[in-house]
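In what follows, a single structure is set out as structure tokens and then discussed.
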Amino acid sequence: MRLRVDLLPHGNYPDVVLVIDVLRATTTAVAYLERGADALLLTSSPEVALNLRSDNAESGLLLGGERGGLPIPGFDFGNSPVEAAAQNFTGKTVVMNTTNGTGAAHTAAQTGKHILLAALTNAHAAARRARAIATEEIALVCAGTDERVSLEDVYAAGVLAEYLLAMGEFTIDDGARIALTMRRNAGNPIEALGSAGHGARLASLGLGEDVRYAAQLSTSTLVPTLADSSDV
Ligand code: 3SL
Ligand code: MG
């Protein structure tokens with residue numbers, strides 16, 4: 001079994017992909033499910049999300065997402081796990097669009113067989129699920145920020161890689177070695193996320209609580225799994 005870490009989304013994914021956007025899309029996705037959401041739809045743009053709702057007015061779709069870290073005009077929610085954790089989404093479908101995270105999931109879905117969303121909050125459950133369904137390769141794909149590598153995603157990839165290596169034999173690539181080194185040297189999750197550029201940016205927007213929320217390790221057993229995003 002191969003274990004691969006892509007520091008940014010690219011390439012072909014033959015088997016299982018864990019898409020990681022710790023700050024904040026995949027953390028928020030897990031929070032939506034924790035709060036009872038039936039399903040998540042990850043759209044390719046904010047416009048697609050808005051049209052989806054206006055074309056399905058009776059369906060009660062809720063929209064969550066951000067641009068520049070701030071809520072998108074016309075959306076119901078931002079991209080905040082703290083905000084999501086304070087709501088009840090029972091029976092609701094949440095449509096998400098974010099700058100990097102949802103796009104990374106779309107990139108992975110072009111080739112990957114199984115696309116799972118991973119964060120620190122669901123890291124152990126995501127690793128277990130991936131190990132259970134993989135037949136040849138697990139790719140840990142870091143969303144990054146505006147096409148640049150993000151420390152928090154690489155750190156989380158290291159956490160996932162550690163869990164996976166404890167579950168069985170893998171041939172690992174240099175991306176995985178980098179992520180494991182990051183995991184071992186960047187301190188605990190709150191220290192790692194606090195030292196990340198995007199963590200500091202969110203704190204400057206008054207969103208430091210989201211960074212602390214995202215630093216919780218394996219508190220959820222829920223793993224968002226893409227069914228088919230080809231039509232959104
Ligand atoms: O880029 C994304 O997908 C977002 O998660 C970034 S933010 O943390 O919401 O600003
Ligand atoms: Mg991010």
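Each reported figure results from applying straightforward, stated rules to the coordinates on display, with no laboratory input. If you're wondering where the values come from, they're calculated on a predicted model, not measured in any experiment. Quick reminder, even Gly has a Cβ in these numbers, built from the backbone with ideal geometry, and neighbours come from all protein chains shown.
A simple charge model with +1 on the Cβ of Lys and Arg, -1 on the Cβ of Asp and Glu and nothing else charged puts the dipole of region 1-139 at about 380 debye relative to its Cα centre.
Spatially, region 59-109 and region 157-219 are offset by 22 Å when compared through their Cα centroids. Helix 174-185 and the long axis of the chain differ in direction by around 90°, with both axes built from C-alpha atoms. Per-residue 3J(HN,Hα) values for region 2-12, derived from phi via the Karplus relation 6.51 cos²θ - 1.76 cosθ + 1.60 with θ = phi - 60°, read 9, 10, 10, 10, 9, 5, 9, x, 5, x, 8 Hz in sequence order (x marks Gly and Pro). Using 1/(1 + (r/R0)^6) with R0 = 45 angstrom and r between the beta carbons of ALA132 and ALA57, what's the FRET efficiency to the nearest 0.05? After rounding to 0.05, the efficiency reads 0.70. For the residues GLU66, GLU147, GLU209, a GNM of the chain with alpha-carbon springs under 10 Å puts the largest fluctuation on GLU147. Using a cutoff of 8 angstrom between alpha carbon atoms and counting only pairs six or more residues apart, the relative contact order for region 61-141 works out to 23 percent. Given their separation in residues at 0.36 nm each and the Cα-Cα distance between them, ALA166 and ALA85 gain 26.1 nm when the chain is fully extended. Our coupling estimate for region 85-97, obtained by passing each phi through the Karplus curve with A = 6.51, B = -1.76, C = 1.60 and θ = phi - 60°, is 5, 8, 10, 10, 9, 3, x, 9, 9, 10, 9, 10, 9 Hz, Gly and Pro reported as x.
Quick one: dipole size for region 1-80, taken about the Cα centre, charges +1 on Lys/Arg Cβ and -1 on Asp/Glu Cβ, in debye to the nearest 20.
That gives region 1-80 a dipole magnitude of about 280 debye.
Taking Cα atoms only, the orientation of helix 151-165 departs from the longest principal axis of the chain by about 60 degrees. Think of region 1-120 as having a plus end and a minus end, set by charges on the Cβ of Lys, Arg, Asp and Glu; of LEU8, GLY101, GLY69, LEU8 sits farthest toward the positive end of this dipole. Take the Cα of GLU147, go 7 Å toward its beta carbon, and the backbone nitrogen atoms of region 86-102 under 17 Å from that spot belong to 99-102.
Calculated from DSSP H runs of 4 or more alone, at -39500 (n - 2.57) each and per residue, what is the 222 nm mean residue ellipticity of the chain, nearest 500?
The helix-only estimate for the chain comes to -11500 deg cm²/dmol at 222 nm.
Amide H contacts of LEU41 (H built 1.01 Å from N, in plane; Pro and chain starts excluded): VAL94, VAL95, MET96 sit under 5 Å, all sequence-distant by 5 or more or on other chains.
Under a 5 Å amide H cut-off, with hydrogens placed 1.01 Å from N, THR221 pairs with nothing among residues at least 5 apart or on other chains.
What do you get for the angle between helix 46-55 and the principal long axis of the chain? Use alpha-carbon atoms, 0 to 90 degrees, nearest ten. Long axis of 46-55 versus the principal axis of the chain: about 50 degrees. In this simple spin-label model, placing a label point 7 Å from the Cα along the Cα-to-Cβ direction at both LEU217 and ALA200 gives a separation of 2.4 nm. Taking a sphere under 13 Å around the Cβ of ARG212 and counting the other residues whose Cβ falls inside, with K and R at +1 and D and E at -1, yields a net charge of -3. With the simple model of a label 7 Å out from the Cα in the direction of the Cβ, ASN188 to GLU209 spans 2.1 nm.
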